[in-house]
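Notes for the one structure printed next.
The values are calculated or read from the model by the stated rules, or taken from the named source; none is laboratory data. Just so you know, these numbers come straight off a predicted model, no measurement behind them. When we count neighbours, we look across all protein chains shown, and the Cβ atoms used for this are built from the backbone with ideal geometry, even at glycine.
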Amino acid sequence: MKNRLKVLRAERNWTQAQLALELDVTRQTVNAVETGKYDPSLPLAFKIARVFEQRIEDIFADETS
Amino acid sequence: MTADASEMTPRDRRNQRRYALWMLGWFICLNVTQALFRFRRGLVPPGVITWLVGALPVVVAAFVIWSWARYVREADELQRRIQLNALALGFGVTFFSLASYGALVSAGAPKLEANHYMAPGLCVYGLGLLYGKWQYR
C-alpha cells in the first residue's frame, strides 16, 4: 500500500518521534509505515487521518490503483 | 521480553518496569524458597505450609506472566506483531524439542533436565525479536 505519510509529516516539520507521540505508537512503527514495510490497521489508519485532518483515501492508496 | 528503550512508548516503558519488578520478585522468591528447603528445612513446618512455601514462586510467576501478557496486549500493533512472531517461534521450538527429544533419548542421547529444553526456545525467541527489529527497521 502506498502512502503520503512522509510528505505530510515533512509539510508539518515533524520528526518521526513527534508523529509517533501523536499516534501513541513507537517511532519504529511510523518508520515502517512510511517506508511501506508495514500496512497499518484500520484504527491506526483512522488515527493517522485524524492527526493530519485528511481522509484515509487521501493518505493511503492501494498499490494496484 | 526485550525491546530497545528508544522504540517504546511511555506505556510500554511503564509496562516493562512492572514486568521487571515482578520478574525480580519471582527470582528472589525462587531463590529464597530453594535456599529455605536446602539449608533451613527446619524453619518450614511440615505439611500444608511446606506445600504453600513451595508454591509461592508459582504464584509470583503468575503475576510475571500477567504483566508480560499486558505488555504484549498494550504494545503498539507493530511491536505486538514482532513479539507474537518471536513468541510463536520460541514456543514452537520449545514444544517440538520437548516432544521430539524423547526419540533421540531412545536412540541413546543423554537425558536432559526440564530447564535444558527451554534454552533453545529462549534463544529462538531472542533471535525472533532481533529479526523483527531488523525486518521493520
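For the criterion of being aromatic (Phe, Trp, Tyr) and exposed (fewer than 13 other Cβ atoms within 10 Å of the Cβ), B:Phe37 fails. In segment A:5-23, which residues are more than 16 Å from A:Lys47 (Cβ to Cβ) and either in contact (Cβ under 8 Å) with a residue 60 or more places away in the chain or part of a helix (DSSP H, G or I) (or both)? Matches in segment A:5-23: A:Lys6, A:Val7, A:Ala10, A:Glu11, A:Ala17. Give the number of residues within segment A:24-65 that are within 14 Å of chain B (Cβ to nearest Cβ), over 16 Å from B:Ile82 (Cβ atoms) and part of a helix (DSSP H, G or I). Matching residues across segment A:24-65 total 7. Looking at segment B:80-122, which of its residues are β-branched (Val, Ile, Thr) and surrounded by fewer than 13 Cβ atoms within 10 Å (Cβ to Cβ)? Within segment B:80-122, just B:Val105 meets the criteria.
Do we find that A:Gln16 is under 17 Å from B:Arg137 (Cα atoms) and surrounded by fewer than 19 Cβ atoms within 10 Å (Cβ to Cβ) in this structure? Spelling it out, A:Gln16 is indeed under 17 Å from B:Arg137 (Cα atoms) and surrounded by fewer than 19 Cβ atoms within 10 Å (Cβ to Cβ). Condition check: at the interface with chain B (Cβ under 9 Å from one of its Cβ atoms), over 18 Å from B:Ile82 (Cβ atoms) and not β-branched (Val, Ile, Thr). Does A:Leu5 satisfy that? Spelling it out, it is not the case that A:Leu5 is at the interface with chain B (Cβ under 9 Å from one of its Cβ atoms), over 18 Å from B:Ile82 (Cβ atoms) and not β-branched (Val, Ile, Thr).
Filtered by the rule that a residue be surrounded by fewer than 16 Cβ atoms within 10 Å (Cβ to Cβ) and either closer than 12 Å to B:Tyr19 by Cβ or modelled with pLDDT under 95 (or both), segment B:60-71 gives B:Ile65, B:Trp66, B:Ala69, B:Arg70. Selection within segment B:4-61: residues that are closer than 27 Å to A:Leu21 by Cα and not in a helix (DSSP H, G or I). The member of this set that is nearest to the chain's Cα centre (by Cα) is B:Asp4.
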